[in-house]
Every structure is written in structure tokens, then in C-alpha cells.
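Student: This is the structure I have questions about; it appears just below.
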Amino acid sequence: MLTKSLYDISSDSPRTQVGVLRIKQVAAKVGPEIKGLMVNILGGLATEAAKQQLGIK
């Protein structure tokens, strides 16, 4: 599920929003250390639109 979501947020497409929602669901279930790691990784992978939706600067 997470692998597919990473692909979805790495390009601007209609599936970007779906990927963002899946990643938010996973982020809600993990601890703060893992969430920080996810933000660092996603910052390099996500498109600008996906970063805005995820709250990553």
C-alpha cells in the first residue's frame, strides 16, 4: 500500500490525492520518530502539490 502511494505522490495525476490520503493514514498510526523520517523522505519524492497537501514545506 505504501509503495503504491509513493508512486502516486511522485507525479501530478488524479491519483495524487489518493496517495496523500493513504500516507496520512499510515502517518497517523506511527510514532513521532517514524513520522519525522517519513517527512524527510517524502520531501524529496513528492511533487509540490502533494507536499502542500501533506503539510511538508
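Student: Would you be able to say whether some residue in the stretch 38-51 is within 9 Å of the chain's Cα centre (by Cα) and not in a helix (DSSP H, G or I)?
Tutor: The answer is yes; a qualifying residue exists.
Student: Give all pairs with beta carbons closer than 6 Å in which a residue from the stretch 1-12 that is free of Cβ contacts under 8 Å to residues at least 24 places away in the same chain meets a residue that is surrounded by 16 or more Cβ atoms within 10 Å (Cβ to Cβ) and hydrophobic (A, V, I, L, M, F, W, C); count only pairs at least 6 apart in sequence or on separate chains.
Tutor: SER5/ILE23
Rundown of residues vs (1) over 17 Å from MET1 (Cα atoms); (2) surrounded by 11 or more Cβ atoms within 10 Å (Cβ to Cβ); (3) of a type outside the set (Phe, Trp, Tyr), yes/no style:
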{"position": "SER13", "(1), (2), (3)": "yes, yes, yes"}
{"position": "LEU21", "(1), (2), (3)": "no, yes, yes"}
{"position": "ALA28", "(1), (2), (3)": "no, no, yes"}
{"position": "LYS35", "(1), (2), (3)": "no, yes, yes"}
{"position": "VAL39", "(1), (2), (3)": "yes, yes, yes"}
{"position": "THR47", "(1), (2), (3)": "yes, yes, yes"}
{"position": "LYS51", "(1), (2), (3)": "yes, yes, yes"}
{"position": "LYS57", "(1), (2), (3)": "yes, no, yes"}
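Every number in this text was worked out from the coordinates using simple rules, so none of it is lab data. Treat the numbers as computed from the prediction; the structure is a model and nothing was measured. All Cβ positions, even for glycine, are placed from backbone atoms using ideal geometry, and neighbour counts span all protein chains on display.
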